[in-house]
Ligand code: GRF
C-alpha cells in the first residue's frame, strides 16, 4: 500500500477528486496519508479534515529561502513515510531535496495540453485566459511527472476538452476540471501506486 501526500494551495477540488476516488475503491494500492498546504486557511484543508486525513501547513513565506522550505517539506514527507507526492494546485516550487528523494514519484496536474500554455506564470485562470486569447479550439489537462523544469517532466496522461464560443476563463476552467483534471489525476495516481508508470 503506497502512502500518498497531496500538496495543495487553494480550493482543493483535485484533492477532493482523489479523496472521492479513494472512497470509491479506485485507489486500491494507495492511501492518502497526508495533505500539505503551502499556506494556512485554504479550503483544501477543510476537505482533508472532513475526510479524516491528517493535514499540515508548510508555508513557503515562513522560510527564509527555498532551500529551507525544501528541507521542511521533505522532513514532513519523510516523517509520514510518504511514497508518492501529488501536486494538486500546489503553487510553490518543489526544490532539489524533495525532487531527489522522490525520483519518478511526484506528479502534477496542469490545466492545459502541455506544451501549450505552461511554464512559469501559467497557473490557475491565467492558463485559460491564454487559451481563449490564442483562440485554440481544444484545450484540456495534463498529468506529468515533476522535475526541476516548471511543467517540464514526462507526460503521463492527457485529455482534450473543447472550447465553446461563449466560454469565459471561469466556465472553461470549470469544464477542464470536471471533464479532464478530476478524471486524469486519480487515474494517474492509481497507476503510479500500482507501479504501472
Ligand atoms: C487547478 O486548475 C489545477 O489544474 C491547477 O491549479 C488549480 C487547482 O485547483 N494546478 P484545486 O485547488 O485543485 O481546486
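Results, tabulated for the structure shown:
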{"read-out": "Subset of the stretch 61-109 that is at positive phi and either surrounded by 23 or more Cβ atoms within 10 Å (Cβ to Cβ) or free of Cβ contacts under 8 Å to residues at least 60 places away in the same chain (or both) - its residue that is nearest to the chain's Cα centre (by Cα)", "value": "89"}
{"read-out": "Breaking point among (1) touching a strand residue (DSSP E or B) at 6+ places or on another chain (Cβ under 9 Å); (2) modelled with pLDDT under 95; (3) over 25 Å from residue 193 (Cβ atoms), for residue 112", "value": "(2)"}
{"read-out": "Any hit, the stretch 122-131, residues being more than 11 Å from the ligand (Cβ to nearest atom) and either surrounded by fewer than 13 Cβ atoms within 10 Å (Cβ to Cβ) or outside any helix (DSSP H, G or I) (or both)", "value": "no"}
{"read-out": "Qualifying residue in the stretch 15-24 (condition: at pLDDT 95 or above, away from the ligand (no atom under 16 Å from the Cβ) and either outside any helix (DSSP H, G or I) or touching a strand residue (DSSP E or B) at 6+ places or on another chain (Cβ under 7 Å) (or both))", "value": "yes"}
{"read-out": "Positions within the stretch 150-166 being under 15 Å from the mean Cα position of the chain (by Cα) and not in a strand (DSSP E or B), in sequence order", "value": "150, 151, 152, 153, 154"}
{"read-out": "Any chance residue 100 is away from the ligand (no atom under 16 Å from the Cβ), farther than 21 Å from residue 197 by Cα, modelled with pLDDT of 95 or more and out of contact with any strand residue (DSSP E or B) (no Cβ under 8 Å at 6 or more places or on another chain)", "value": "no"}
{"read-out": "Qualifying residues in the stretch 110-121 (those that are closer than 21 Å to residue 11 by Cβ and touching a residue at least 24 places away in the same chain (Cβ under 8 Å)) - the one surrounded by the most Cβ atoms within 10 Å (Cβ to Cβ)", "value": "111"}
{"read-out": "Residue within the stretch 167-177 that is farther than 20 Å from residue 5 by Cα, away from the ligand (no atom under 13 Å from the Cβ) and part of a helix (DSSP H, G or I) present", "value": "yes"}
{"read-out": "Members of the stretch 32-58 that are surrounded by fewer than 17 Cβ atoms within 10 Å (Cβ to Cβ) and either out of contact with any strand residue (DSSP E or B) (no Cβ under 8 Å at 6 or more places or on another chain) or part of a helix (DSSP H, G or I) (or both)", "value": "41, 43, 46, 49, 50, 52"}
{"read-out": "Residue match in the stretch 70-79 (condition: touching a strand residue (DSSP E or B) at 6+ places or on another chain (Cβ under 8 Å), within 15 Å of the ligand (Cβ to nearest atom) and under 25 Å from residue 192 (Cβ atoms))", "value": "no"}
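The values are calculated or read from the model by the stated rules, or taken from the named source; none is laboratory data. This is a predicted model, so every value here is computed, not measured. Quick reminder, even Gly has a Cβ in these numbers, built from the backbone with ideal geometry, and neighbours come from all protein chains shown.
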